[in-house]
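Chemist: Take this structure, written in structure tokens, and hold onto it; I'll ask about it next.
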Amino acid sequence: MNIGKLKLRGNLILAPMSFVTNLPFRLLCKKYGAALVYSEMTFSEAILRQNEKSLNRVYTTNEERPVGIQLLGSDPNSVINSAMIIEQKFHPELMDVNLGCPSQSIIKNECGAALLKKPEVIGEIISGLSGSLDVPITAKIRILNSLDETLKIAHIIEKAGADALIVHGRTQKQQYSGKSNLEFIKNIKSELSIPVIANGDIFDEKTQNMCLNILSATGS
Ligand SMILES: Cc1cc2nc3c(=O)[nH]c(=O)nc-3n(C[C@H](O)[C@H](O)[C@H](O)COP(=O)(O)O)c2cc1C
């Protein structure tokens, strides 16, 4: 799979997980076959403040490359400026924007899944990032209640210049319960020209293959 100019060796990708996908965990996943690993989400404002814990969250080494750094923020300028700092300091292979975190404290700050209700802000963030950085840009969303609403957001992200879209097939309200809706993801994939990466309920080779079969099946 290619994400913009980034060529990946495979299609198995480690999703960003707060307090889980730190550097040692990412190195393990890389060792056992991940084609790309993502950092934990990190607040753009904290990077701008040079907060040490946050800078540690985005620290990377050559052994884990390619690596994507995920940013969380509500203000386009903060997200773009912090991404530029990270690009200069740590040289990740790509930058990602969190548009799916459902946690109350994040939603209260108008970040994560809260941005799915503000498509114009999403557009500003993605177009600002793609115009300011040399590396490919991805965005990670959750699905919305209807396929149409989800497709609207997906198209905005693509049009604004994202190089790939990651879709967690659960709504904000579902949090982590229920099943990831692969049919929604399949529909989004068929509408977009950029790669669409399915997320949710992929635990092992069997569930990965089931997911691939659903996404590639025609006529359903
Ligand atoms: C402990 C934990 C931390 C998470 N942190 C993040 C995060 O920092 N950024 C993000 O986009 N998603 C985060 N997620 C969501 C995962 O990336 C992924 O979308 C979700 O777990 C997929 O569902 P699954 O558990 O069915 O595979 C987190 C999930 C868990 C369980």
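Chemist: Which one of the conditions (1) near the ligand (Cβ under 10 Å from one of its atoms); (2) under 23 Å from ILE106 (Cβ atoms) does ASN181 fail to meet, given that it meets all the rest?
Modeler: Going through the list (1) near the ligand (Cβ under 10 Å from one of its atoms); (2) under 23 Å from ILE106 (Cβ atoms), ASN181 breaks only (1).
Chemist: Something else now. Within the range 135-153, which residues are among the basic types (Lys, Arg) and more than 19 Å from LEU14 (Cα to Cα)?
Modeler: Scanning the range 135-153 gives a single hit, LYS152.
Chemist: For a quick check of your reading: which helices (runs of 4 or more DSSP H) sit entirely within the range 1-95 and have at least 1 residues that are β-branched (Val, Ile, Thr) and either in contact with a strand residue (DSSP E or B) (Cβ under 6 Å, 6 or more places away or on another chain) or under 27 Å from VAL196 (Cβ atoms) (or both)?
Modeler: 76-90
Chemist: So in the range 179-214, with the set limited to residues that are hydrophobic (A, V, I, L, M, F, W, C) and in contact with a strand residue (DSSP E or B) (Cβ under 6 Å, 6 or more places away or on another chain), which one is surrounded by the fewest Cβ atoms within 10 Å (Cβ to Cβ)?
Modeler: ILE194
Chemist: More than 14 Å from the ligand (Cβ to nearest atom), under 18 Å from ILE156 (Cα atoms) and in contact (Cβ under 8 Å) with a residue 60 or more places away in the chain: does that describe PRO136?
Modeler: yes
Chemist: Would you check which residues across the range 1-17 are within 16 Å of the chain's Cα centre (by Cα) and free of Cβ contacts under 8 Å to residues at least 24 places away in the same chain and list them?
Modeler: Matches in the range 1-17: MET17 only.
Chemist: Oh, and also: Which condition number does LYS186 fail, the rest of (1) modelled with pLDDT of 95 or more; (2) within 15 Å of the ligand (Cβ to nearest atom) being met?
Modeler: Looking at each condition in turn, LYS186 falls short on (2).
Chemist: In the range 45-61, is there at least one residue being out of contact with any Lys or Arg (no Cβ under 8 Å at 6 or more places or on another chain), small (Gly, Ala, Ser) and either over 27 Å from ALA154 (Cβ atoms) or within 13 Å of the ligand (Cβ to nearest atom) (or both)?
Modeler: Within the range 45-61 (the criterion being out of contact with any Lys or Arg (no Cβ under 8 Å at 6 or more places or on another chain), small (Gly, Ala, Ser) and either over 27 Å from ALA154 (Cβ atoms) or within 13 Å of the ligand (Cβ to nearest atom) (or both)), the answer is yes, since at least one residue qualifies.
Chemist: Please go through (1) out of contact with any helix residue (DSSP H, G or I) (no Cβ under 7 Å at 6 or more places or on another chain); (2) within 26 Å of VAL67 (Cα to Cα); (3) not acidic (Asp, Glu) for SER132 and return the number of the only condition it doesn't satisfy.
Modeler: It is condition (1) that SER132 fails.
Chemist: Which of the strands (runs of 3 or more DSSP E) contained wholly in the range 109-220 include at least 1 residues that are touching a His at 6+ places or on another chain (Cβ under 8 Å)?
Modeler: Per the criteria, 137-142, 196-199.
Chemist: Looking at SER74, SER103, which one is within 16 Å of the ligand (Cβ to nearest atom), more than 18 Å from ALA164 (Cβ to Cβ) and surrounded by fewer than 17 Cβ atoms within 10 Å (Cβ to Cβ)?
Modeler: Exactly one of SER74, SER103 is within 16 Å of the ligand (Cβ to nearest atom), more than 18 Å from ALA164 (Cβ to Cβ) and surrounded by fewer than 17 Cβ atoms within 10 Å (Cβ to Cβ), namely SER103.
Chemist: With PRO92, PRO76, PRO24, PRO66 as the choices, which residue is farther than 24 Å from SER130 by Cα and out of contact with any Pro (no Cβ under 6 Å at 6 or more places or on another chain)?
Modeler: PRO24
The values are calculated or read from the model by the stated rules, or taken from the named source; none is laboratory data. For clarity, every value in this text was computed on a predicted model and none was experimentally measured. Please note: Cβ atoms are built from the backbone with ideal geometry, for glycine as well, and neighbour counts cover all protein chains shown.
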